[in-house]
1. Suppose the filter is in contact with a Gly (Cβ under 7 Å, 6 or more places away or on another chain) and in a loop (DSSP other than H, G, I, E, B); does Arg178 pass it?
2. Would you mind stating whether Leu32 is out of contact with any Cys (no Cβ under 9 Å at 6 or more places or on another chain), over 14 Å from Val103 (Cα atoms) and part of a helix (DSSP H, G or I)?
3. What pairs come out if I take residues in the stretch 21-48 that are touching a residue at least 24 places away in the same chain (Cβ under 8 Å) and more than 22 Å from Ile67 (Cα to Cα) and pair them with residues that are aromatic (Phe, Trp, Tyr) and crowded, with 24+ Cβ neighbours inside 10 Å whose C-beta lies under 8 Å away, six or more apart or interchain?
4. Would you mind stating whether Ala8 is part of a helix (DSSP H, G or I) and without any contact (Cβ under 8 Å) to a residue 12 or more places away in the chain?
5. Of (1) under 30 Å from Glu198 (Cα atoms); (2) assigned to a loop (DSSP other than H, G, I, E, B), Asp155 satisfies all except one. Which?
6. Within the stretch 165-184, count every residue that is touching a strand residue (DSSP E or B) at 6+ places or on another chain (Cβ under 9 Å) and either closer than 25 Å to Ile16 by Cβ or without any contact (Cβ under 8 Å) to a residue 24 or more places away in the chain (or both).
7. What's the total number of residues in the stretch 85-139 that are hydroxyl-bearing (Ser, Thr, Tyr) and under 19 Å from Glu20 (Cβ atoms)?
Amino acid sequence: MSILAPSALAILVEAIQRGEVVAIPTDTVYGLACRPDDPSAVARLAALKGRSAQQPVQLLVASIDAIAPYIEDSAVLERVRPFWPGAVTAVIRVRPGLANAVVTPEATVGVRVPDDPIALAIIEACGGALAASSANRHGEAPATTAEAVAAAFGDDLLILDDGPRDGGVASTVVDFARTPPRVLRAGPVSAADLGLPEAAPGP
């Protein structure tokens, strides 16, 4: 059976460590997740979603301090610290020379600390970080239940079931790699909450 109970968390963690892509609950929606240091796994995640492997995926981390050493200007994290753990993904510039499957050609990465004990337990068991993206085919709505994930991806994907995600809204995405910062995707945390202008059209 592809859907696992929280008591089987160790089975899911072992699958991630082997390089598999799995589905996990977060505080917003269900997400696809894999090791961020495994380019093949990240490419499989993109293929499952049906989108280009060049499109970035976010990095879920266990704490804000875990990512600070890799960030070019860690001061940008102070703006989102009040909202982490929580539903804000911060696009931030990494230190020169940092190579990773989730780092874009522009040397940026989207990072978030989810406010969910199961998600955090999985992330911590996998070394403190996971590459992740919402559990849905490209262009479709994110899955809010384990059953919806199974319906979208079939029985071959391991899914950890921790009940429905009531919000059903993916995280707010804010680009802190530009000045001034800009909201790229609206979500549960508003631009006003972050002290930023609303998202505007244009590059």
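The numbers here are math on the coordinates, done by the rules we state, and not lab data. For clarity, every value in this text was computed on a predicted model and none was experimentally measured. Using ideal geometry, Cβ is built from the backbone for each residue, glycine included, and neighbour counts are taken over all protein chains shown.
1. It is false that Arg178 is in contact with a Gly (Cβ under 7 Å, 6 or more places away or on another chain) and in a loop (DSSP other than H, G, I, E, B).
2. So Leu32 does not fit the description; no.
3. From the stretch 21-48, the pairs are Ala23/Tyr30.
4. no
5. Exception for Asp155: condition (1).
6. Of the residues in that region, 7 qualify.
7. Residues flagged as hydroxyl-bearing (Ser, Thr, Tyr) and under 19 Å from Glu20 (Cβ atoms) within the stretch 85-139 amount to 2.
Conditions (1) under 20 Å from Glu147 (Cα atoms); (2) touching a Ser or Thr at 6+ places or on another chain (Cβ under 8 Å); (3) surrounded by fewer than 24 Cβ atoms within 10 Å (Cβ to Cβ); (4) of a type outside the set (Lys, Arg), marked per residue:
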| position | (1), (2), (3), (4) |
| --- | --- |
| Ala5 | yes, no, yes, yes |
| Ala8 | yes, no, yes, yes |
| Leu12 | yes, no, yes, yes |
| Arg18 | no, no, yes, no |
| Thr26 | yes, no, no, yes |
| Ser40 | no, no, yes, yes |
| Ala43 | no, no, yes, yes |
| Gln54 | no, no, yes, yes |
| Tyr70 | no, no, yes, yes |
